[in-house]
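Here's the structure we're looking at; comments come further down.
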Amino acid sequence: MIPFDYRLAPDVDGAVAAATGWGGVAFLAGGTNLVDHMKLGVAAPEVLVDISRLPLDAVEELPDGGLRIGATVRNSDLAAHPAVRRDYPVLARALLSGASGQVRNLATTGGNLLQRTRCAYFQDLSTPCNKREPGTGCSAIGGYTRQHAILGASAHCVATHPSDMAVAMAALDAQVTVLGTSGRRVIPLVELHRLPGDEPHRDTVLSPSDLITAVELPPLPEGTRSLYRKVRDRASYAFALVSVAAVLRVEDGVVRDVRIALGGVAHKPWRARRAEDVLRGSPVDGSPADEEVFRRAAEAELAGAAPLAGNGFKVPLARNTVVSALRGLSREER
Amino acid sequence: MTVGQPVERVDGRAKVTGDARYAADRTLPGMLYSYLVMGTIARGRVTSVDTAAARAVPGVVEVFTHENAPRLTSDQHFMPLQGTQIHYNGQIVAITVATTPEQAQEAAELVRVTYAPETPKAVIADALTEVYLPANQEVIVGDPTAGLAAAEVTVTQNYSSPPHHHNPIEPHATVAQWDGDHLTVHETSQGVVNAQRTFASAFAIPQTNVRVLAPYLGGGFGGKSPVWPHSLLNAAIARQLGRPAKMVLTRAQMYSIVSHRAEFRQQVTLGAKRDGTLTALVHLSTQQLSRTSENMYSHSISSRMLYACPNIHTRQQGVRLDVPTSRFMRSPQMASHFGLETALDELSYQLGIDPVELRRRNYTDVNPTTGERFSSRFLLDCYKLGADAFGWSRRNPKPGSTRDGHEFVGWGMATEAHDHNANPSSAMVRMAADGTVLSQTATQDIGTGTYTVFTQVVADALGVPLNQVKVELGDTNFPPAALSAGSGTIASVTGAVNAAALAVRTAVVQLAVSNPASPLHGLPAEQIITQHGYLFSPDRSRRESYRAVMARHGAPVQNTSSMTNARGYSTGAVFVEVRVDPRYGRVRVTRGVGAYDAGRVMNHKTAGSQVIGGFTWGIGNALMEHTVLDRRTARVVNPNLSTYLLAVNADVPDIQAIFVNKPDPVSTALGARGFGETPITGVPAAIGNAIFHATGRRIRDLPFTQDKLL
């Protein structure tokens, strides 16, 4: 246990001010990931700014039919919210497929987005890790890589982002509201997280004193269906080997809108634009014959996959999961 | 009679309210806290340890390294901190001691160790040329070569299973306190008497100077049977510093210093006649050993004891690796049993004989290795009861023949079998002057229900209500009794508890019939009935309560008895249904039925819980559980319950447990046999066999993760 300073944020602006000017600072909300990391020695902030009591815990239905989710809304509360269950089943399912009931009761929306990789080498201080200690090397490459990336990785880092919620939000074109020292800005969720490149220690585009205050979901047009499908090593309480968030609107037998995001495969929620391009405008009739185009779409996305020694299975698994998710949405009966 | 009834756990309330005090709950005045520093290489030497920063942490009392640690030896284990040599990753390289646990941990994180590392060998595949046969690890019965030559059909296959860790929910903890040369230890121990011996030997003091307490345990699974070096070091530190000392392991630390189930490879060859009769059984295995021990714990006993086969060859090879020493882990015979029961399934398809029928045809009443007759064996009943309850007769034998939507449905089965320990044990029963009863014995309840069953045994023997009986366990001040391991607690200790209770009953009855003040005066003692807390005349026209007899007597009545029992062999049959979704390679276990011959069932609830626990663990073992070693460093990659996956509730279907419930005539434990380790042994094979039935794909390497079935 390393001593640290603790500040209770008086208000939203005060939280950002309190977090400015430190060498190592972290916002504390649910603490479900940060506190673990402090115990492991992975994180050693000089100061914790506690934002758990800020008035950011509301879910608001917006006039345009969208939803604004406060940053400290608990995962359990968000999953149970009537508007989420009614309009964004992909998000409700994703939330409920993550962690355990106890963790979801604590974990917050902003914290879920900012949780860090569960790469075993990142968590083990005795092993080199570019994400934990830039420039020391990547221990996962050549090691145990079952949970690691097949898309968008680099020679410096092959970690995956562990969130389920963020994958659903990526497919929903969510917008993240951030308050920083220079004011408020809005970042598309798909641009919040980074690919590792040669700076894997930077998970996101945020700076340490940037505070996520809300996530907004645009409305989905009438007739849009969505779902989340997660494949993992046990039926509950495990991170995704592969997950798929899919949003689909078929009109007159043609795909009008499709948005697909993959989890468990990359350093960020992976928006499958290539697959979407294949699908948009394609005829779909709810029959098994649809699988052909779904498979082509998945394969188009996964053509760029570069699996590691221990996770080649994720490529066919991701393909099959995309196909089955789209089948689940396109069939007449659910 | 309460024996056999599904009596609720008598310790349940204490456990859920926090009244039950575990080793780590003990806090003593002036106590210090020890914290371990774990090494980060698997092979090589420590070249220096810098403790300056650690010593500067406020509250730190001492930092021990190999240079200044107390000198200790152990006749059982490699003792760390006695030199610079490193034998496995996660070896203890320093211990910090401070006035709070937080200070000790902070100091531990500041200890800087430098090494001269060498390249380790982490897995069996790294050292195939170094496989050897340790002494006394080969058994040959009959003429296996001739048996194979006489076979009309043979199956030869290789199987493997990874290392596993015990992972009891309660971490290991030890609290040591010295008073002169007397030592008291609160220890997470499955055997306080064994622990007492180990501590006494390590510190060269009489055994009677050592008191070990373990009244409650949050699981052990064999990992808490020995006293590990960290406990001896903590006690040595307490003595050297002159203050009580506590050490509680973290979950991650439990992955290197409190043992595991060894990585295991095996080849099973079965020879059979067309009718399924086995002519030869050859079982070659290789298990991981360590640099400091060649002890083996995964034995091929099933191949030597379970089936009628005139020609048997088991050869248990080892290979030394730069990993910690393995040890017994729940149902140690299950690793080899998986190979045998899978090979039998493969043989059944080759012969076109139903898997249950194949096993029936090779049933034996006689131990095929020793020729001795089993004292009682109702395995055929288990096959029938289990198959009927499961609906096995409706099974279409053709693999891949049943589909439900995207899923393939398969049914599989396996025999379950494990032998059990029986160690001489003693117990005390005392009826106080107020009629309440206390029983004490130095065995343990490791979570299996020992408190409850002994309460039933005492209550029945005396004829008093359960709530008039209190049982105390896990203290070397009590009469010595068995280690709680090898499914041996009930088998070993029940007889002594029962005998002591019966002796007290006899004495109290005598007090009544010999006293003119008693309404039972003058009746023959042997005709007195005891029930509901009363002594009755044979026609029940006269009675007197125990309470009244004891009040008149005015003093306790006490007896201490000893008993031995024979080792035994509890068997059963397990049937499972799986659903396999080939899109994800996902296997779900959707039904489970087990039928067992465990002798007399003492408590259907606690025995049934052993089945549920074993089946649940078996699902995890089959589908997900494995310790992952980084082959480059021989370091455990998944030392936590987030990434060391065990089955969770959502993985486990409803499980039906059926018991033949016929007393074993030679068992002194009221006809009960040891049972805890039997229900799990066949589950991984049954699941693999069901996967084959569902899909036509045979997976021979545990666990059956999704990548293997895509």
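The values are calculated or read from the model by the stated rules, or taken from the named source; none is laboratory data. Computed from a prediction, not measured in an experiment: that's the story for all the values here. A quick note on method: Cβ atoms are made from the backbone with ideal geometry, for glycine too, and the neighbour counts reach across all protein chains shown.
Points to keep in mind about this one:
- Taking the range B:255-334 as the region of interest, the strands (runs of 3 or more DSSP E) fully inside it that hold 1 or more residues being basic (Lys, Arg) are B:264-272, B:312-321.
- Looking across the range A:279-297, just one residue is out of contact with any helix residue (DSSP H, G or I) (no Cβ under 9 Å at 6 or more places or on another chain) and either surrounded by 13 or more Cβ atoms within 10 Å (Cβ to Cβ) or among the aromatic types (Phe, Trp, Tyr) (or both), and that is A:Arg280.
- Among (1) in contact with a helix residue (DSSP H, G or I) (Cβ under 9 Å, 6 or more places away or on another chain); (2) outside any strand (DSSP E or B); (3) of a type in the set (D, E, K, R) - the single one B:Lys246 does not satisfy: (2)
- Taken together, the residues in the range A:127-140 that are buried (at least 18 other Cβ atoms within 10 Å of the Cβ) and either within 12 Å of another protein chain (Cβ to nearest Cβ) or of a type in the set (Asp, Glu) (or both) amount to 3.
- The listed residues are B:Asp354, B:Asp365, B:Asp388, and the only one of them that is out of contact with any helix residue (DSSP H, G or I) (no Cβ under 8 Å at 6 or more places or on another chain), farther than 19 Å from B:Ser570 by Cβ and at pLDDT 95 or above turns out to be B:Asp388.
- Output for the range B:664-700, where each listed residue is out of contact with any Phe, Trp or Tyr (no Cβ under 7 Å at 6 or more places or on another chain) and surrounded by fewer than 19 Cβ atoms within 10 Å (Cβ to Cβ): B:Pro665, B:Val666, B:Gly696, B:Arg697
- Filtering A:Arg274, A:Arg259, A:Arg232 for residues that are touching a Phe, Trp or Tyr at 6+ places or on another chain (Cβ under 9 Å) and either within 14 Å of chain B (Cβ to nearest Cβ) or surrounded by 16 or more Cβ atoms within 10 Å (Cβ to Cβ) (or both) leaves a single hit, A:Arg232.
- None of A:Gly142, A:Gly70 is more than 16 Å from the chain's Cα centre (by Cα), modelled with pLDDT of 95 or more and more than 30 Å from A:Ala325 (Cα to Cα) except A:Gly142.
- Of all the numbered requirements in (1) within 22 Å of B:Ala202 (Cα to Cα); (2) outside any helix (DSSP H, G or I), B:Leu232 misses one, and that requirement is (2).
- Scope the range B:522-546; condition in contact with a Gly (Cβ under 9 Å, 6 or more places away or on another chain) and in a loop (DSSP other than H, G, I, E, B); matching residues: B:His532, B:Gly533
- Breaking point among (1) part of a loop (DSSP other than H, G, I, E, B); (2) within 14 Å of chain B (Cβ to nearest Cβ), for A:Ser243: (1)
- Close pairs (6 angstrom Cβ cut-off, 6 or more residues apart or separate chains): in the same structural domain as B:Thr633 (by TED's automatic domain parsing) in the range B:42-61, in a loop (DSSP other than H, G, I, E, B) anywhere: none
- Filter result for A:Val186 (within 14 Å of chain B (Cβ to nearest Cβ), outside any loop (DSSP other than H, G, I, E, B) and in contact with a strand residue (DSSP E or B) (Cβ under 7 Å, 6 or more places away or on another chain)): no
- Qualifying residue in the range B:118-125 (condition: over 30 Å from B:Ala280 (Cβ atoms), over 27 Å from the mean Cα position of the chain (by Cα), in a helix (DSSP H, G or I) and in contact (Cβ under 8 Å) with a residue 24 or more places away in the chain): no
- Selected residue (criterion: nearest to B:Gln333 (Cα to Cα)) from residues of the range B:399-429 that are of a type in the set (Gly, Ala, Ser) and surrounded by fewer than 24 Cβ atoms within 10 Å (Cβ to Cβ): B:Ser426
- Verdict on B:Ala481 being hydrophobic (A, V, I, L, M, F, W, C) and either in contact with a Cys (Cβ under 8 Å, 6 or more places away or on another chain) or surrounded by fewer than 23 Cβ atoms within 10 Å (Cβ to Cβ) (or both): no
- Residues that are over 19 Å from A:Leu241 (Cα atoms) and more than 14 Å from chain B (Cβ to nearest Cβ), drawn from the range A:294-334: A:Arg296, A:Ala297, A:Ala300, A:Leu329, A:Ser330, A:Glu332
- Residue tally, condition polar (S, T, N, Q) and either in the same structural domain as B:His182 (by TED's automatic domain parsing) or within 20 Å of B:Gln610 (Cβ to Cβ) (or both), over the range B:455-498: 7
- Selection count, the range B:372-387, where residues are more than 24 Å from the chain's Cα centre (by Cα) and under 19 Å from B:Ser348 (Cβ atoms): 5
- Matching strands (runs of 3 or more DSSP E) fully within the range B:3-68 where at least 2 residues are aromatic (Phe, Trp, Tyr): B:32-38
- Any chance B:Val589 is more than 14 Å from chain A (Cβ to nearest Cβ), closer than 29 Å to B:Arg359 by Cβ and not acidic (Asp, Glu): no
- Some residue of the range B:638-653 being more than 30 Å from A:Tyr121 (Cα to Cα), touching a Gly at 6+ places or on another chain (Cβ under 7 Å) and either more than 14 Å from every other protein chain (Cβ to nearest Cβ) or not acidic (Asp, Glu) (or both): yes
- Some residue of the range B:109-117 being of a type in the set (Asp, Glu), in a helix (DSSP H, G or I) and farther than 30 Å from B:Leu32 by Cα: no
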